[in-house]
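Working notes for the structure below.
The values are calculated or read from the model by the stated rules, or taken from the named source; none is laboratory data. What you see is a predicted model, and the numbers here were worked out from it, not measured in a lab. All Cβ positions, glycine included, derive from the backbone under ideal geometry; neighbour counts span all protein chains shown.
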Amino acid sequence: MAGQTLIEKILRSHLVDGDLTPGQGCRIHIDQTLCQDATGTMAFLELEAMGVEQVKTEVSVQYVDHNTSQFGPENHNDHLYLQSVTAAKGVYFSRPGNGICHQVHLERFGEPGKTLLGSDSHTPTNGGLGMLAIGAGGLDVAAAMAGAPFAMTAPKVIGVRLNGRLRPWVCAKDVILHLLSILSTKGNVGCAMEYFGPGVETLSVPERATITNMGAELGVTSSVFPSDEKTRSFLRAQSRENVWRPLAADDDAVYEQVIDIDLEQLEPLAACPSSPDHIAPLKELSGKPVSQVLIGSCTNSSYRDLMLAAEVLRTHRVAPGVSLAIAPGSRQVMRMLADNGGLAAIIGGGARILETACGPCIGQGLSPASDEVTVRTFNRNFKGRTGTPHDQCYLVGVEGALLAAINGCLTDPLACGMEYPQTSEPDSFTVDDSLIIPPPEDRQGIEIIRKDTVGDPPLCLPYPQDINGEVVINVGDKVTTDHIMPAGTFLKYRSNIPKYSEAVFNCFNEPGKPTFAERAFSVSEAGRHGVIVAGESYGQGSSREHAAICPMYLGIRLVLAQSIERIHAANLINFGILPLYFQNPEDKAKVDQGFTILIEKVGEQLRSGEEVNLIVISTDHHRFDLTCVHRLSKTDIDMVLAGGRLNMV
């Protein structure tokens, strides 16, 4: 019998039912959950709707890290609701200013061998600790907090064998950018990444976490490193060595495929506008003028990352034409920088210090100027995500970002002529959990605060027997949840579904013409069902379930696509929207905005097989048949027909 991968071992130890054969359905027990405020508010409203008095997980944590800038009352209203509802339900509450969820969870809660489900697509960050950490929609996380197993497809495990050691000026970010250049951001649904080999022991836990964090950009279910002595040292430094245990794949483990990476041969890379898989060597971009540099986000804001910034800025200053801003990933990192003089060096070098939060990574401030290059250590550079239309955003490691800041242009780190600064992981981190509020032992009588901007989660009607639909929009490939449901200045309305729904597909709206929301509402008012048509990799990026909730609120009941990313497909099902796939890719070009889509006896077709027959009527009344396929389990079918998971509950 072949040996097991580490991912298979963790799945097997948490299996509730189902089959771990890749591609088959299974359900696993969830040990821990995390939510952040942009998704957590709806998740807890959904938990309340389920009638759950107390969460059933070992540990559940609610973080406030996305919407910490409070323009108007909406964000603070959400924070008050979250602090009160977590106290009532038995959940830890990480207060604003304590840091980014993935960084803090890595520091204070993550455990090797445990399962973690988070309402944020970058939850796999904690795979750097040897956890099986998975991103999901808020409703799936709410169900896990209620004690329900998590339904998933057993993944194909892609092995990444690391050999050698990174050279000075080459960093962990270059490992994942290299993988993105190989696998791209699409076509990896149903896979997971597992790292092994002698090169693993040369990487610290924060470096591993950088790699697993951006595994989300590959579209895989999770990314996992083994738990070894480096893991033990990190947990010991966090005063949590008691949760450590060694974990690794068997020596004869069998992978779907193995990708070999010689760390010695990697070079500094950049993701060019406007996709994380648009990769180029920095040496080919050297000399390109830069006007803004941002260091931080859940990808690159660890103590090691920011101490590197401090060492460079002790002896160099930011170029006159560059704005450099740095956001520590956690209060722990900020405090240690303050105590050891690193913060003074960063400020002295001309950098601006941002709050320990996500901030500009999700378009919450520091948008770049028009037609100017912004260089960021973040994980996504989708067009417009910075808050500036037609932005020019490059993603690099901290080393490349620092050189861009001091030179005023993109620079090849291997040709910079500087001695590489020496940094190291501390023997002990400063531990201060005073901004993490544990749930009280006595929760009787706790008042849940719900201000007027915090609305109820909308319910969907049961699925109609027949679809009489109209295509409201036809979009291309790699349409992200940022395109569907923009963040930035709109994100404060996430608890007000009617208001937030006005922004659906805002980036595709044209001045003087009806918006997507207006068109969809008009179709619904006419008693018809809204349809979205899309290309490959629809719904990639953020896990935000609002990209399903708000279209559902506007009357969308069907998405026809060439492919749909895992989390978004699950969110569509959770909220009563049927995801179907073109049997022939060329069929997408036959269906346009305004066309009629008819499906008879939807439930019967879904239950009788994978194929679903559609009748399409064009705007000039040409009528033709079209065959699509579904990829729904029996439970998924029941959920869609019921009008979503909350209706089933």
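Note on the stretch 607-647: residues that are aliphatic (A, V, I, L, M) and either at pLDDT below 95 or not assigned by TED's automatic domain parsing to the domain that holds residue 586 (or both) amount to 1.
Quick one: which of 270, 280, 344 is touching a helix residue (DSSP H, G or I) at 6+ places or on another chain (Cβ under 7 Å) and among the aliphatic types (A, V, I, L, M)?
Values: 280 fails: touching a helix residue (DSSP H, G or I) at 6+ places or on another chain (Cβ under 7 Å); 344 fails: touching a helix residue (DSSP H, G or I) at 6+ places or on another chain (Cβ under 7 Å).
That would be 270, the only listed residue that is touching a helix residue (DSSP H, G or I) at 6+ places or on another chain (Cβ under 7 Å) and among the aliphatic types (A, V, I, L, M).
Under the condition of being aliphatic (A, V, I, L, M) and touching a strand residue (DSSP E or B) at 6+ places or on another chain (Cβ under 7 Å), which residue from the stretch 105-128 is nearest to residue 565 (Cα to Cα)? Let's see the steps before the verdict.
As a first pass, look at the stretch 105-128 and keep what is aliphatic (A, V, I, L, M): 106, 116-117.
In the following step, the residues that additionally are touching a strand residue (DSSP E or B) at 6+ places or on another chain (Cβ under 7 Å) were identified as 116-117.
Details: 116: 20, 117: 17 Å.
Top of the filtered list is 117.
Which of the residues belonging to the stretch 616-644 are free of Cβ contacts under 8 Å to residues at least 60 places away in the same chain and assigned to a helix (DSSP H, G or I)? If the condition is that a residue be free of Cβ contacts under 8 Å to residues at least 60 places away in the same chain and assigned to a helix (DSSP H, G or I), then 634, 637, 638 are the ones that fit.
Exactly one residue out of 120, 140 is under 21 Å from the mean Cα position of the chain (by Cα) and assigned to a loop (DSSP other than H, G, I, E, B), and it is 120.
Between a residue in the stretch 343-362 that is in the same structural domain as residue 305 (by TED's automatic domain parsing) and any residue that is assigned to a helix (DSSP H, G or I) and not hydrophobic (A, V, I, L, M, F, W, C), which pairs come within a Cβ distance under 7 Å, given they are 6 or more apart or on different chains? As it stands, the answer is 345/314; 356/331, since those pairs meet every condition given. Residue 167 meets the conditions (1) at pLDDT 95 or above; (2) under 20 Å from the mean Cα position of the chain (by Cα); (3) part of a loop (DSSP other than H, G, I, E, B) in every case but one. The failed one is (2). Considered as a group, the residues in the stretch 53-80 that are surrounded by 16 or more Cβ atoms within 10 Å (Cβ to Cβ), among the polar types (S, T, N, Q) and under 23 Å from the mean Cα position of the chain (by Cα) include one that is nearest to residue 437 (Cα to Cα), and that residue is 62.
How many of the residues making up the stretch 15-48 are assigned to a strand (DSSP E or B) and either within 17 Å of residue 124 (Cα to Cα) or among the acidic types (Asp, Glu) (or both)?
Our first condition is that a residue be assigned to a strand (DSSP E or B); within the stretch 15-48, this holds for 15-18, 25-28, 32-36.
From the residues that got through so far, the ones that are either within 17 Å of residue 124 (Cα to Cα) or among the acidic types (Asp, Glu) (or both) too are 17, 28, 32-36.
Final tally of qualifying residues: 7.
Given the criteria farther than 30 Å from residue 507 by Cα and over 26 Å from the mean Cα position of the chain (by Cα), does residue 346 qualify?
Numbers: farther than 30 Å from residue 507 by Cα: yes; over 26 Å from the mean Cα position of the chain (by Cα): yes.
Yes.
Within the option set 557, 528, 494, 519, being at pLDDT below 95, basic (Lys, Arg) and assigned by TED's automatic domain parsing to the domain that holds residue 597 holds for one residue only, 494. Within the stretch 20-41, being of a type outside the set (Gly, Ala, Ser), farther than 28 Å from residue 158 by Cα and in contact with a Lys or Arg (Cβ under 7 Å, 6 or more places away or on another chain) holds for 39, 41.
Of the helices (runs of 4 or more DSSP H) lying entirely inside the stretch 327-445, those carrying at least 3 residues that are buried (at least 19 other Cβ atoms within 10 Å of the Cβ) and touching a strand residue (DSSP E or B) at 6+ places or on another chain (Cβ under 7 Å) are 398-407.
Filter the stretch 568-603 down to the residues that are in a strand (DSSP E or B) and in contact (Cβ under 8 Å) with a residue 60 or more places away in the chain and list them by number.
Initially, the stretch 568-603 is screened for residues in a strand (DSSP E or B), giving 578-582, 596-599.
Hits for the stretch 568-603 are 578, 596, 597, 598, 599.
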